[in-house]
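Below: one structure, written as structure tokens.
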Amino acid sequence: MAANDQNDDGHDSNLPDLGDAIDIVTFSQILEMDDSEDDREFSKSIVFGFFEQAEETFEKMDTALEAQNLDELYRLGHFLKGSSATLGLTKVKDSCEKIQRYGKKENLDGSPEKDEALCLSRVTDTLKTVKAEYADVEKTLKNFFNST
């Protein structure tokens, strides 16, 4: 890539605008691992692997929520937070961090929250939000890879 194809923040200026749900600098680092811009096989496999992983994790979160298992929700939130952060999926990552905190019986500021019913209610709301954020990002990235 020519030096003039990069913005001041280091990402490829030839990339389309992927919106505010995706950190373009982080996502560009994944794209740099591809052999060529014409063949995004490597990055596509990582992203589509994440889609499968996220769908499975959401199913497990639903099950853990039904069982009122805050420990499992903490673990699953932590797991999906890391995966989404690796790809630069900022909104999904942030919501997963909330689920992680609520599962750990904490408020967003990290202070303890003893009311398990409140934590479960917060997870319920945040899980709806993260699923919508995920659906948006999935659509955006599928469009991106189908256009390359």
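The values are calculated or read from the model by the stated rules, or taken from the named source; none is laboratory data. These figures come from a predicted structure and were not determined experimentally. Every residue, glycine among them, receives a Cβ derived from its backbone with ideal geometry; neighbour counts consider all protein chains shown. Keep in mind that these areas ignore ligands, DNA and RNA; they rest on the heavy atoms of the full protein, side chains included. Shrake-Rupley method; radii C 1.70, N 1.55, O 1.52, S 1.80 Å.
In region 110-146, the qualifying residues are those that are hydroxyl-bearing (Ser, Thr, Tyr) and in contact (Cβ under 8 Å) with a residue 60 or more places away in the chain, and the one that is most open to solvent (accessible area, probe 1.4 Å) is Thr140. Taking region 45-98, which residues are touching a residue at least 24 places away in the same chain (Cβ under 8 Å), among the β-branched types (Val, Ile, Thr) and open to solvent by 70 Å² or more (accessible area, probe 1.4 Å)? Selection gives Thr86 alone. So which residues in region 26-44 are within 19 Å of Lys93 (Cα to Cα), among the hydrophobic types (A, V, I, L, M, F, W, C) and surrounded by fewer than 19 Cβ atoms within 10 Å (Cβ to Cβ), if there are any at all? The answer is Ile30, and nothing else.
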